[in-house]
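*Asks:* Below you'll find the structure I mean.
Since every read-out is calculated from the coordinates, none of them should be taken as a lab result. Quantities reported herein were computed from a predicted structural model and do not represent experimental measurements. Glycine gets a Cβ as well: all are built from the backbone with ideal geometry, and neighbour counts include every protein chain shown.
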């Protein structure tokens, strides 16, 4: 598909603000809440679910925050293990959030809601991350081992 598409659609060229570490978020004009996110050379949509007057065209801001926390935790574990020469299986991090939408929190700027929180949760109990034992990993058909 990409080969066919590249014959008809020009490649995305870097913009002047495609600087690593620079993120721009702007309304798209589609729906009430849809935003386009430019993070370096990457393009994403942020939106809210339809029940919150969005188009559900992308992760919510809460999802992006949870993604950042989970990715940072996973990458930190990987870098630490590599630095200490620790054999580490695949890392996975589950991050749960209790959403407090603007509709539910009209006065949050004045009086922060004590119910609003983000919590890292692992697969078992209250662990923040799960790590596969590389000796227990089964080969998945069609997948290559790294």
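*Asks:* Please compute the modelled spin-label separation between residue 78 and residue 8, points set 7 Å along Cα→Cβ, answer in nm with one decimal.
*Replies:* Computed distance between label sites residue 8 and residue 78 equals 3.5 nm.
*Asks:* How much length is gained on full extension from residue 25 to residue 52, taking 0.36 nm per residue of separation minus their Cα-Cα distance? Before the final figure, lay out each step's value.
*Replies:* Working: separation 27, 0.36 × 27 = 9.72 nm, distance 1.93 nm.
Full extension of this stretch gives 7.8 nm more.
*Asks:* What distance in nm separates the simple spin-label points at residue 87 and residue 43, each placed 7 Å from Cα in the Cβ direction?
*Replies:* 4.5 nm
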